Each structure stands twice: as C-alpha cells, then as structure tokens.
Amino acid sequence: MKVAVFSTKAYDRQFLDLENRESQANHELVYFEARLEPKTASLATGFEAVCVFVNDDLGTETLEILAKDGTKLIALRCTGFNNVNLESAAKLGIKVVRVTTYSPYSVAEHAVGLILMLNRKLYRAYNRVRDDNFSLDGLLGFDLRDRTVGVIGTGKIGQIFAQIMAGFGCHLLGYDAYPNENFEKMGNAKYVSLEELWQRSDIISLHCPLLPETKNLINQEAISQMKQGVMLINTSRGKLVDTKAVIEGIKTGKIGYVGIDVYEEEEHLFFEDLSDTIIQDDTFQLLQSFSNVVITAHQAFFTENALKDISHTTIANLTDFEQGKPLQNEVK
Ligand code: NAD
C-alpha cells in the first residue's frame with residue numbers, strides 16, 4: 001500500500017524501513033519531513049494511507065483535504081490521538097489506527113529521570129564541574145525515601161512509574177477516572193480524590209491522556225491547593241498544564257521544581273533544531289529561564305525498544321487495513 005509518512009526524521013525511516021522489510025509487508029513508504037497540516041496535506045494526494053506523529057494537525061480542514069485526495073486510513077505512530085478530530089474522520093470515512101502500547105518503560109523511566117535531575121540538581125552539577133566549579137552551594141537536594149508521590153493516570157505508564165517510585169521508598173497516591181485494582185496491590189499505594197492528591201503530594205506526575213476534561217488539569221486553582229515547594233512532572237501532554245499558572249506558581253515559590261517533556265505549544269518548537277533562530281514564544285522562554293525547571297523536548301518515548309514496538313505495530317496496522325482484516329488498534 002502507498003503510505004505518505006509525515007514528520008519523519010532519520011530514526012523514523014530507519015526503524016520503519018527495517019520492520020517493513022523484515023515483516024515482508026512491502027508497503028511503499030514515502031517519507032516527508034514536513035508536518036501534516038492543511039498547507040501540506042496535498043502531499044498525500046493519491047496515497048491510500050497517511051502515517052503521522054504527535055504534533056501533526058489532523059483537524060477537520062486537513063481531514064477534508066485528505067479525504068478529497070483519496071486517503072482512507074490514518075496510522076498514528078503514537079498512543080495519544082488528541083490531535084485527530086475523530087468525528088470529522090468518521091464522517092469523511094477515514095479510519096484511524098494507533099499504537100495502543102509500546103514500551104511504557106521508556107516514558108516511566110524518563111519521568112523518574114526528570115525527578116532525579118531536579119531533586120539532586122544534576123543538570124546544574126554537570127555544568128558546574130565542566131567549568132571546574134566544584135562548589136556545592138545551591139546543589140542541596142532531598143531524599144526520595146518517605147516522600148509522597150501523586151500519580152495522575154494509573155494506566156500502563158503510570159503504574160510502572162509508581163512501581164519505580166515505590167522502589168525508592170516513596171508513598172504513592174493515585175488518581176484515575178477508572179481506578180485499576182493493581183495499583184493498590186502495590187505496597188504504599190492508595191487511590192485518593194484529586195483534592196487530596198494536590199494537598200498531600202511532594203511530587204506530582206501526570207500520566208493521563210489529554211481529553212476535554214483533563215485540559216489544563218494543572219491550573220491556578222489546583223496549584224493553590226498544592227504543598228509549598230511541590231515538584232511537578234509532566235511527560236504526558238503539554239495541554240494538561242496551564243503554563244502561565246505554573247509560571248506564577250514558580251514565581252511565588254509555591255512550585256519548587258518543574259520537569260516537563262511536553263509543552264502546550266510544542267508543535268511550533270519540538271523535534272526541530274531552532275538554535276539559529278529567535279524563539280518567539282515568550283512563555284516558553286520565561287519558563288526555560290528559571291533555575292528550577294528542566295525541559296526535554298518530547299523525548300520520553302525515544303528508546304530503541306519503543307521505536308521497534310512503534311514500527312512493528314504501525315506496519316501491522318497498515319497491513320491489516322490493506323488486507324481488509326479487523327483493525328485491532330482502531331480509534332473510534
Ligand atoms: P493508558 O491508557 O494505559 O493510561 C492512561 C490512564 O489515564 C488510564 O488508567 C485512564 O483510566 C486514565 N484516565 C483517563 N481519563 C482520566 C481522567 N480524566 N483523569 C485521570 N485519569 C484518567 O495510557 P499510557 O500508555 O499509560 O499513556 C499515558 C499518557 O502518556 C498518554 O495519554 C500520552 O499522552 C502520554 N505519552 C507521552 C509520551 C512521551 O513521549 N512523552 C509517550 C507516550 C505516551
């Protein structure tokens with residue numbers, strides 16, 4: 001099948017080509033570096049399928065162009081599908097498939113990495129030592145043992161994250177719209193209301209999907225209920241957080257540490273080398289400027305294990321569609 005693959009980098013091509021060969025699927029994968037959006041959608045003319053990633057824009061306008069030009073399938077190379085207008089896709093007769101699961105360890109371990117960066121100030125220590133500055137002033141950290149960690153969204157990633165934090169000797173509070181009995185089977189883990197989680201957590205980590213009801217979950221009102229000096233970790237989706245409210249929280253000292261792998265307006269920044277340009281996003285620049293903020297550019301998924309899993313499921317999804325088989329990973 002002819003597939004227009006958008007937002008591709010060398011690593012995407014490497015893993016998808018390998019899987020396409022090894023599985024003998026032999027799809028005709030045509031790679032575009034461009035992000036899919038209304039102005040690039042015509043690149044997919046004549047392609048039965050498009051394959052996209054987290055920051056491609058599959059709103060109604062893009063979908064209408066795709067449908068007119070013959071696209072019947074959208075294959076997401078990610079778990080989240082918040083960037084697709086599912087209602088419009090259904091109306092236009094375009095099916096949507098995703099990668100329901102890939103190494104959840106990749107994201108969970110990255111969230112833990114951000115915590116360790118922040119609580120021991122490793123990012124500052126690394127730069128100092130390279131500069132022959134061996135002073136410890138300003139690097140004072142805290143033990144994770146006996147700290148309370150709030151986990152919002154106790155699905156695949158949230159549970160693994162919770163297990164790792166339990167290994168550090170942390171107490172775990174969970175919040176989930178659909179609680180899962182396995183979470184409380186872990187020693188030291190308990191489901192609580194969102195209010196109790198805000199009030200009792202030393203560290204809060206987001207692992208729920210971006211939905212209309214979770215948009216700006218971390219807002220001014222939630223922050224006002226949190227402990228003084230709380231640490232916020234977001235490896236889920238940028239729009240779960242009202243960044244301006246977080247900046248205010250940092251300025252007042254309410255928020256002591258922020259570690260994020262995702263950002264509200266990341267589609268204009270992440271995955272590109274912009275080091276020679278002037279960044280126009282003042283909110284992002286202000287956030288970056290604080291010494292207690294660590295930002296990575298949506299790399300939590302970026303392990304060999306996860307890329308292999310993503311390629312495997314994506315090629316299988318394309319093959320199922322081509323062969324008219326039931327679509328196991330369809331998003332409805
Ligand atoms: P999952 O579906 O296994 O778990 C999500 C959990 O969130 C479920 O338990 C679900 O019940 C819960 N949930 C749903 N609605 C909720 C609500 N309103 N409030 C609280 N919890 C709610 O998904 P997962 O594989 O664990 O992934 C979690 C999220 O991580 C994804 O939605 C995605 O946004 C993000 N993610 C980020 C990266 C990255 O590279 N940074 C990579 C993969 C996934």
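The values are calculated or read from the model by the stated rules, or taken from the named source; none is laboratory data. Bear in mind that the values here come from a model prediction, so they are computed numbers and not experimental data. Ideal geometry is used to build each Cβ from the backbone, glycine not excepted, and the neighbour counts take in all protein chains shown. The area values use the complete protein model at the heavy-atom level, side chains included, leaving out ligands, DNA and RNA. Shrake-Rupley method; radii C 1.70, N 1.55, O 1.52, S 1.80 Å.
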### Task
Would you please list the contacts, defined by Cβ atoms under 7 Å and residues six or more apart or on different chains, that run from a residue in the stretch 171-189 that is part of a loop (DSSP other than H, G, I, E, B) to a residue that is away from the ligand (no atom under 14 Å from the Cβ) and of a type in the set (A, V, I, L, M, F, W, C)?
MET186/ALA166; MET186/LEU172; GLY187/ALA166; ASN188/ALA166; ASN188/LEU172
#### Entry: Given (1) under 20 Å from HIS110 (Cα atoms); (2) in contact with a Phe, Trp or Tyr (Cβ under 8 Å, 6 or more places away or on another chain); (3) within 16 Å of the ligand (Cβ to nearest atom), number of the condition TYR175 does not satisfy
(1)
### The one condition in (1) more than 22 Å from ALA316 (Cβ to Cβ); (2) assigned to a loop (DSSP other than H, G, I, E, B); (3) within 16 Å of the ligand (Cβ to nearest atom) that ALA111 fails to fulfil
(2)
### Query
List pairs: first in the stretch 203-231 and among the charged types (D, E, K, R), second open to solvent by less than 10 Å² (accessible area, probe 1.4 Å) and at pLDDT below 95, Cβ under 8 Å, 6+ apart or cross-chain?
none
### Summary
Flagged in the stretch 45-68 as farther than 17 Å from ARG237 by Cα, open to solvent by less than 30 Å² (accessible area, probe 1.4 Å) and part of a loop (DSSP other than H, G, I, E, B), in numbering order, are PHE47, GLY59
#### Entry: Test for LYS215: is it basic (Lys, Arg), surrounded by fewer than 15 Cβ atoms within 10 Å (Cβ to Cβ) and not in a helix (DSSP H, G or I)
no
### Message
Given the options THR319, THR243, THR235, THR314, name the one that is within 13 Å of the ligand (Cβ to nearest atom), surrounded by 15 or more Cβ atoms within 10 Å (Cβ to Cβ) and of a type outside the set (Gly, Ala, Ser).
### Response
THR235
### Query
Taking the stretch 71-93 as the search range and keeping residues that are of a type in the set (D, E, K, R) and outside any loop (DSSP other than H, G, I, E, B), which one is farthest from GLU48 (Cα to Cα)?
GLU87
### Query
When you go through LYS72, LYS121 one by one, which is the residue that is more than 16 Å from the ligand (Cβ to nearest atom), modelled with pLDDT of 95 or more and in contact with a strand residue (DSSP E or B) (Cβ under 9 Å, 6 or more places away or on another chain)?
LYS72
### Message
Tell me the residue from VAL151, VAL129 that is at pLDDT 95 or above and within 24 Å of the chain's Cα centre (by Cα), please.
### Response
VAL151
#### Entry: Search result, residues across the stretch 75-99 that are within 11 Å of the ligand (Cβ to nearest atom), open to solvent by 40 Å² or more (accessible area, probe 1.4 Å) and closer than 15 Å to ASN329 by Cβ
THR79, PHE81, ARG98
## Note on the structure
Every listed condition ((1) within 16 Å of the ligand (Cβ to nearest atom); (2) at pLDDT below 95) holds for VAL294 save (2)
### Message
When the residues of the stretch 26-44 are narrowed to those that are hydroxyl-bearing (Ser, Thr, Tyr) and open to solvent by 30 Å² or more (accessible area, probe 1.4 Å), which ends up farthest from GLY155 (Cα to Cα)?
### Response
SER42
### Flag for LEU136 being open to solvent by less than 40 Å² (accessible area, probe 1.4 Å) and at pLDDT 95 or above
no
### Query
Limited to the stretch 284-311, what total is found for residues that are within 25 Å of VAL5 (Cα to Cα) and either open to solvent by 30 Å² or more (accessible area, probe 1.4 Å) or not in a loop (DSSP other than H, G, I, E, B) (or both)?
12
### Task
Specify which of the listed residues (GLY187, GLY167) is modelled with pLDDT under 95 and either open to solvent by 30 Å² or more (accessible area, probe 1.4 Å) or at positive phi (or both).
GLY187
### Message
List the residue pairs whose Cβ atoms are under 8 Å apart, where the first residue sits in the stretch 254-274 and is closer than 28 Å to GLY229 by Cβ, the second is basic (Lys, Arg), and the two are 6 or more positions apart or on different chains.
### Response
VAL262/ARG237; GLU264/LYS239
### Query
Within the bounds of the stretch 194-206, is there any residue that is within 9 Å of the ligand (Cβ to nearest atom), touching a Ser or Thr at 6+ places or on another chain (Cβ under 8 Å) and in a helix (DSSP H, G or I)?
no
### Query
Scanning for something in a loop (DSSP other than H, G, I, E, B), closer than 21 Å to ILE223 by Cβ and either in the same structural domain as ILE115 (by TED's automatic domain parsing) or in contact (Cβ under 8 Å) with a residue 60 or more places away in the chain (or both), does the stretch 156-166 turn up at least one residue?
no
